[in-house]
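K.L.:
Following this message is one structure expressed as structure tokens.
The numbers here are math on the coordinates, done by the rules we state, and not lab data. What you see is a predicted model; the values in this text were computed from it and never measured. Positions of Cβ are backbone-derived with ideal geometry, glycine not excepted, and every protein chain shown enters the neighbour counts.
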Amino acid sequence: MKNDSYVLSYAKANYRKMFREPDGIIQHPFIVPGSCYDNCLWDWDSWLTNIALRQFVKEDISEYETGCILNFLEHMDEQ
């Protein structure tokens, strides 16, 4: 249990490092799956990261959640 507490404390203190602001052709704020990633779009990874964030984040992060979807839709290839 001590490790679980440490992981949650670390996540609560550092989760904002996973938020990215619009840059270049990426027009909406978005979430990356870890703080070490550059401004790259992720689809499933951002979605799963968001599920984890929603377990403890109390502030409104909907701008970043919505931005993930909008960026994806604007940059996906037609199949």
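K.L.:
Name the residues in region 4-46 that are touching a helix residue (DSSP H, G or I) at 6+ places or on another chain (Cβ under 7 Å) and part of a helix (DSSP H, G or I), would you?
P.N.:
Matches in region 4-46: TYR15, MET18, SER46.
K.L.:
Name the residues in region 1-35 that are hydrophobic (A, V, I, L, M, F, W, C) and either touching a strand residue (DSSP E or B) at 6+ places or on another chain (Cβ under 7 Å) or closer than 22 Å to HIS75 by Cβ (or both), would you?
P.N.:
Scanning region 1-35 gives MET18, PHE19, ILE25, ILE26, PHE30, ILE31, VAL32.
K.L.:
Collect the residues in region 29-48 that are of a type in the set (Ser, Thr, Tyr) and touching a Phe, Trp or Tyr at 6+ places or on another chain (Cβ under 8 Å), keeping them in residue-number order.
P.N.:
Scanning region 29-48 gives a single hit, SER46.
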